[in-house]
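Notes follow the structure.
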Amino acid sequence: MIRKARIHDAKDLHKILNGFAAQGKLLPRSLSDLYTHIREFVVWESEGTGEILGCCSLHIVWEDLAEVRSLAVVPQCQGQGIGTSLVHACLQEARELGLARIFALTYEIRFFEKLGFRITDKQVFPQKIWADCLHCTKFPDCDETAMVLDLD
């Protein structure tokens with residue numbers, strides 16, 4: 001079941017996201033950062049156990065632009081459509097907000113291509129570069145691929 005994240009989900013999100021960060025697949029997120037941005041997240045909650053099995057965030061960058069980020073699904077549940085459903089939930093919210101474009105920085109190119117995203121140059125997102133990338137440990141040698149989806 002997909003729902004908006006709640007404050008009490010922050011520690012589960014921290015564990016999931018930083019598990020992937022330890023493998024170099026995502027950037028680490030501090031617990032403080034997750035509390036600050038909890039309203040950006042949707043989660044996939046197991047109906048039977050209430051366990052958080054996946055998450056995704058819609059981060060607004062500019063008046064017409066947002067980023068899908070912090071997409072993660074626990075390893076034992078990957079390949080079941082959870083990630084796709086989480087991204088769709090973020091795209092739906094983006095449409096409701098009136099956003100024109102969504103982008104992602106990713107290693108999972110095929111996954112995002114299946115959702116309609118296309119590869120683009122990172123330089124078309126100067127707001128992202130100045131707001132977030134400058135503080136990243138990988139800057140300026142980012143090895144992620146920028147992908148974009150036009151919503152209008």
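All of the numbers you see were taken from the coordinates with simple rules; none came from a lab. Computed from a predicted model, the values in this text were never measured in an experiment. Cβ placement follows ideal geometry from the backbone for every residue including glycine, while neighbour counts extend to all protein chains displayed.
Brief remarks on what is shown
- Charge context of ASP150, other residues only, Cβ under 11 angstrom, K/R +1, D/E -1: 0
- Between helix 82-97 and the chain: long-axis angle, C-alpha atoms, 0 to 90°, nearest 10: 60 degrees
- Annotation: the residues ILE38, ILE82, sorted from fewest to most other C-beta atoms within 10 Å of their own C-beta, follow the order ILE38, ILE82.
- Computing mean projected area of the Cα convex hull in nm² for the structure here picks out one of (i) 11.7; (ii) 9.3; (iii) 8.6, namely (iii).
- Against the main long axis of the alpha-carbon atoms of the chain, helix 10-22 sits at an angle near 60°.
- Estimated from helices alone, the mean residue ellipticity of the chain at 222 nm is -9000 deg cm²/dmol (sum of -39500 (n - 2.57) over DSSP H runs with n ≥ 4, per residue).
- Placing a label point 7 Å from the Cα of LYS25 along the Cα-to-Cβ direction, the residues of region 62-88 whose backbone N falls under 16 Å of that point are 69-87.
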